[in-house]
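What follows is a set of notes on a single structure, which appears directly below.
The values are calculated or read from the model by the stated rules, or taken from the named source; none is laboratory data. Being a predicted model, the structure only gives us computed values, none of them experimental. Every residue, glycine among them, receives a Cβ derived from its backbone with ideal geometry; neighbour counts consider all protein chains shown. Please note that ligands, DNA and RNA were not included when accessible areas were found on the heavy atoms of the full protein model with its side chains. Shrake-Rupley method; radii C 1.70, N 1.55, O 1.52, S 1.80 Å.
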Amino acid sequence: QVQLIESGGGLVQAGGSLRLSCAASGRPFSRLTMGWFHQAPGKEREIVAAISRSGDTTYVADSVKGRFTISRDNVKNTLYLQMNSLRPEDSAVYYCAASSWSTIATMTPYYNYWGQGTQVTVSS
């Protein structure tokens, strides 16, 4: 089992920044492919970004490319999402997820473990 605990969400004005963190425990963190997803009310859960086990390969959704950066610290067992130039449409619950797949995955069925989510609200 893997436990994932997100933090760092909150209320921010448009144009502002937030940094989400996800602390992982239960399995060797460096053996997990990781991802961030978000889900707005009434919408499907969607990939925001994903990162390989070593951190040398990343994927970022087109909607946040150039504004969001995913990274990981395999010593601290922590995943990060740096969010800059936030827009009202970025408002959602953000979930950290872990996958046993050896390559980056962008679809929810490939992820075995999920955090409880953290709310991000961007005001205009």
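Averaged over its residues, the stretch 1-98 has an accessible area of 49 Å² per residue, based on protein heavy atoms and a 1.4 Å probe. Between ALA23 and GLU89, full extension at 0.36 nm per residue minus the direct alpha carbon distance yields a gain of 21.2 nm. Restricting to the chain, what percent of DSSP beta bridges are antiparallel, rounded to 5? Expressed as a percentage, antiparallel bridges in the chain total about 90. Here the contact order of the chain, divided by its residue count and restricted to Cα pairs under 8 Å and six or more residues apart, works out to 36 percent. By the scheme Lys and Arg +1, Asp and Glu -1, what is the net charge of all other residues having a beta-carbon under 11 Å from that of SER100? With Lys, Arg at +1 and Asp, Glu at -1, the neighbours total +3.
Here the peptides 118-124, 52-58, 27-33, 38-44 are ranked by packing, the mean other Cβ count within 10 Å, and the order with the highest first is 27-33, 118-124, 52-58, 38-44.
Compactness of the chain was expressed as the Cα radius of gyration divided by 2.2 N^0.38 Å, which yields 0.97. Note on the stretch 1-73: with neighbouring protein chains present and a 1.4 Å probe, carbon and sulfur make up 46 percent of its accessible heavy-atom surface. Placing +1 on the Cβ of every Lys and Arg and -1 on the Cβ of every Asp and Glu, with no other charges, gives the chain a dipole of roughly 240 debye about its Cα centre.
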